[in-house]
Each structure stands twice: as structure tokens, then as C-alpha cells.
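A short write-up of the structure that comes next.
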Amino acid sequence: MNAQKAKFTWHYYLMAFGALMAMLAATLSAWGGVVSALGFAVISHPAIRFAGVGRFVFLIIFAVLYVFAFPDPSVVKSMMASDVAHS
């Protein structure tokens, strides 16, 4: 009962943000976005002893890869229109 509680740090917020990014990318079938968002979440995990500037560089790289992993807006619009037409 007297076990020490884990400290809730910024790592968990970034891990949750990475999971949300992965779910958004999965809804649009942007599999590169899913992979980069999961990489973002894994690199954010506090158990990984990868601290300092290197971690933030990789987080920025994964965020940039995530942004460019999505299809063009016209492709998304056509995907949404075809889904509505099939419903």
C-alpha cells in the first residue's frame, strides 16, 4: 500500500497526443501518419532513457513526417464523398 506513485510528467501528455494523432491518421488511411504518430508516442515514453536534445529532435522529425503523411485535401474530399454515397 505504501508503494511510490509514478510521477505524472509531460511524457504522458505527449504519449496521449501521439495516440490521438495515430487515430486521426487511421481514419484517413494515412498509414505513414499512423507509423510516425506511434513513433512519436514511443519516443515520448518516460521509461526510454533517451533524454536531452536528441529526444526533442526525434519528436520534431516525427511531427514533420506526420504532417506530410496525409493525402491532398482533394483526395480526402473524394474519400468522404464516396463514403457518404455508399451509406
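Here are some notes:
- So Ala51, is it of a type outside the set (S, T, N, Q) and touching a residue at least 24 places away in the same chain (Cβ under 8 Å): no
- Counting only helices (runs of 4 or more DSSP H) that sit wholly inside the range 8-87, those with at least 1 residues that are on the phi < 0 side of the Ramachandran plot and of a type in the set (S, T, N, Q) are 10-27, 31-44, 73-86.
- Residue match in the range 63-78 (condition: at pLDDT below 95 and within 9 Å of the chain's Cα centre (by Cα)): yes
- In the set Ser82, Ser44, Ser74, Ser36, only one residue is in contact with a Lys or Arg (Cβ under 9 Å, 6 or more places away or on another chain) and not aliphatic (A, V, I, L, M); that residue is Ser44.
- Qualifying positions in the range 16-37 - at pLDDT 90 or above and surrounded by fewer than 17 Cβ atoms within 10 Å (Cβ to Cβ): Ala16, Phe17, Ala19, Leu20, Met23, Leu24, Ala26, Trp31, Gly32, Val35
- The lone exception for Ser82 - which of (1) surrounded by 12 or more Cβ atoms within 10 Å (Cβ to Cβ); (2) among the hydroxyl-bearing types (Ser, Thr, Tyr); (3) without any contact (Cβ under 8 Å) to a residue 40 or more places away in the chain it fails: (1)
The values are calculated or read from the model by the stated rules, or taken from the named source; none is laboratory data. The shown structure was predicted, so the numbers you read here are calculated from the model rather than taken from an experiment. Using ideal geometry, Cβ is built from the backbone for each residue, glycine included, and neighbour counts are taken over all protein chains shown.
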